[in-house]
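S.K.: I have a structure I would like to understand better, so I am pasting it below and will then ask my questions one at a time.
The values are calculated or read from the model by the stated rules, or taken from the named source; none is laboratory data. These figures come from a predicted structure and were not determined experimentally. When we count neighbours, we look across all protein chains shown, and the Cβ atoms used for this are built from the backbone with ideal geometry, even at glycine. Just so you know, the surface numbers come from the protein's heavy atoms only, side chains and all, with ligands and any DNA or RNA stripped out. Shrake-Rupley method; radii C 1.70, N 1.55, O 1.52, S 1.80 Å.
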Amino acid sequence: MDVELVDHMGDDLTVVNAARVSFGKKKEVFDFSDTRLIKFLARHNHWSPFGHCSMQFHIKAPIFVARQLVKHQVGLVWNEVSRRYVDDEPEFYIPKRWRLKAEDKKQGSSEETIEYNVDGSIEYQNLLNAGVAPEMARMVLPQNLYTEWYWSGTLMAFARVCNLRCAKDTQLETQQIADKIDEYGHSLFPCSWVELRNSNTE
């Protein structure tokens, strides 16, 4: 699985100036008073100033992870590879060890694991070899098939993704993608990101 930062727009000062424009003000340098303003905005759910900053990622992950993440729609745009047009060799996410079902919760897994081998590509290749169109042959591919997509969105939208998907009760594979997005958010928007991530937990 991989998360690559493709592009980003804005910084913490962008958020501050978006908020201060209401008073006809603009700053050139970020300082301590701006930290307090960003904290206030996040704590009181003033989301719009954070919408002027954005990040764009190229992500590669198995389909079952992508389908969890694509549920997040507000403030985000998603363009994904299509196996209707692509018929190259399928690549699958195969864990080295499989986590067992947790006894004490309805969803999720336990710390216990087993070893198990899976190969989901044979039937797909047989269909292609028989001349079946990729748009139909893809129906037999399992959810552990890797997919890739461009994912763009506002700072506030990705903070909401991470507030949910970095949580300890999130499926581990989905959490690993969200954790990488979280690292980029911290690096690019150190003040805003901390406040947006903390505002959900207090």
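S.K.: Quick one: which residue in A130, A167, A157 is of a type outside the set (V, I, T) and surrounded by 16 or more Cβ atoms within 10 Å (Cβ to Cβ)? Explain how you work it out, then say what you get.
M.R.: Values: A130 fails: surrounded by 16 or more Cβ atoms within 10 Å (Cβ to Cβ); A167 fails: surrounded by 16 or more Cβ atoms within 10 Å (Cβ to Cβ).
From the options A130, A167, A157, the qualifying one is A157.
S.K.: Only residues in region 173-191 that are over 26 Å from V16 (Cα atoms) count as the first member; pair them with residues that are assigned to a helix (DSSP H, G or I) and aliphatic (A, V, I, L, M), Cβ under 8 angstrom, at least 6 apart or cross-chain, and list the lot.
M.R.: E173/V65; T174/V65; T174/L69; I177/V65; I177/L69
S.K.: Might you check whether a residue that is among the hydroxyl-bearing types (S, T, Y), open to solvent by 70 Å² or more (accessible area, probe 1.4 Å) and either at pLDDT 95 or above or more than 14 Å from the chain's Cα centre (by Cα) (or both) occurs anywhere in region 187-200?
M.R.: The answer is yes; a qualifying residue exists.
S.K.: For region 99-111, check the following and say yes or no: at least one residue is in a strand (DSSP E or B), exposed (fewer than 14 other Cβ atoms within 10 Å of the Cβ) and free of Cβ contacts under 8 Å to residues at least 12 places away in the same chain.
M.R.: Yes; the residues of region 99-111 include at least one that is in a strand (DSSP E or B), exposed (fewer than 14 other Cβ atoms within 10 Å of the Cβ) and free of Cβ contacts under 8 Å to residues at least 12 places away in the same chain.
S.K.: Can you give me the number of residues within region 21-80 that are closer than 16 Å to I181 by Cα and among the hydroxyl-bearing types (S, T, Y)?
M.R.: 1
S.K.: Cβ contacts < 9 Å: first residue among the charged types (D, E, K, R), restricted to region 133-151; second residue in a strand (DSSP E or B), any location; separation 6+ or different chain. Result?
M.R.: Here the result reads R138/L145; E148/D2; E148/H58; E148/I59; E148/K60; E148/A61; E148/E80, each pair linking region 133-151 to a residue that is in a strand (DSSP E or B).
S.K.: Of the numbered conditions (1) within 24 Å of the chain's Cα centre (by Cα); (2) farther than 16 Å from R160 by Cβ, N45 fails exactly one; give the number of that condition.
M.R.: Of the numbered conditions (1) within 24 Å of the chain's Cα centre (by Cα); (2) farther than 16 Å from R160 by Cβ, the odd one out for N45 is (2).
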